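The values are calculated or read from the model by the stated rules, or taken from the named source; none is laboratory data. Not measured: the values here are computed from a predicted model. Because the Cβ atoms are built from the backbone with ideal geometry, glycine has one as well, and the counts that use them run over all protein chains shown.
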Amino acid sequence: MPKIHKFSINSLQGEAINFADFQGKVLLLVNTASKCGLTPQYEGLQELHKKYADQGLIIIGFPCNQFGEQEPGDAEEIQNGCLLNYGVDFLVSEKINVNGPDTHPIFQYLKEECPGLGGNNVKWNFTKFLVAPDGTPQRRFAPVTKPGKLEGKIKRLLG
């Protein structure tokens, strides 16, 4: 089993998200924040979700408060604020760290497999990681890369 499929995390609602359930699916994994200048990217992520979920795309947002404290709320505030404002119905995890000693293991793995420019750390909110159906991380995308720019790559991976 590919390493990514061994991970699990809780959803924002406290339910288990097991990556083993995503074998054969394309994953788009994004660290998110509700009070960031890039927060409107939730709209583009939701559009990709609506368009490709039935073809095998799984999008997971990972709220993170490590960049400018732009995700300060608890699970209820995240759910009732940004997610409702942007109509998000793709998966969202519990709030995590993506850098430092408390980095969630899935982001430790993603950073090792897809290093960024100038080092492995995630640089800001809305860094995106695209994972192939076989569980192989393919590429890291910068925070400023709009979700729609990934559509061609996602379509190719979906086959």
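For the stretch 125-140, which residues satisfy the criterion of being farther than 13 Å from Arg156 by Cα and among the polar types (S, T, N, Q)?
Within the stretch 125-140, Asn125, Thr127, Thr136 qualify.
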Which of the residues spanning the stretch 24-45 are assigned to a helix (DSSP H, G or I) and buried (at least 19 other Cβ atoms within 10 Å of the Cβ)?
Gln41, Tyr42, Leu45
Restricting the search to the stretch 65-99, which residues are among the polar types (S, T, N, Q) and in a loop (DSSP other than H, G, I, E, B)?
Asn65, Gln66, Gln70, Asn99
Consider Pro101 against the criteria (1) free of Cβ contacts under 8 Å to residues at least 24 places away in the same chain; (2) touching an Asp or Glu at 6+ places or on another chain (Cβ under 6 Å); (3) not polar (S, T, N, Q): it satisfies all of them except one. Which criterion is unmet?
(2)
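Identify, please: which residue in the stretch 118-145 is over 13 Å from the mean Cα position of the chain (by Cα) and not polar (S, T, N, Q) and is, among those, nearest to Lys25 (Cα to Cα)?
So, considering only residues that are over 13 Å from the mean Cα position of the chain (by Cα) and not polar (S, T, N, Q), the one nearest to Lys25 (Cα to Cα) is Pro133.
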Condition check: surrounded by 14 or more Cβ atoms within 10 Å (Cβ to Cβ), closer than 16 Å to Ile4 by Cα and either more than 13 Å from the chain's Cα centre (by Cα) or of a type in the set (D, E, K, R) (or both). Does Glu94 satisfy that?
no
Can you go through Ile106, Ile60, Ile17 and tell me which one is among the β-branched types (Val, Ile, Thr), part of a helix (DSSP H, G or I), at pLDDT 90 or above and out of contact with any Gly (no Cβ under 8 Å at 6 or more places or on another chain)?
Ile106
Conditions first: (1) acidic (Asp, Glu); (2) surrounded by fewer than 19 Cβ atoms within 10 Å (Cβ to Cβ); (3) at negative phi. Glu71 passes all but one, so which condition is the exception?
(2)
For Leu157, state whether it is hydrophobic (A, V, I, L, M, F, W, C) and surrounded by fewer than 19 Cβ atoms within 10 Å (Cβ to Cβ).
no
Regarding Glu47, is this residue over 14 Å from the mean Cα position of the chain (by Cα) and either within 16 Å of Ile154 (Cβ to Cβ) or aliphatic (A, V, I, L, M) (or both)?
yes
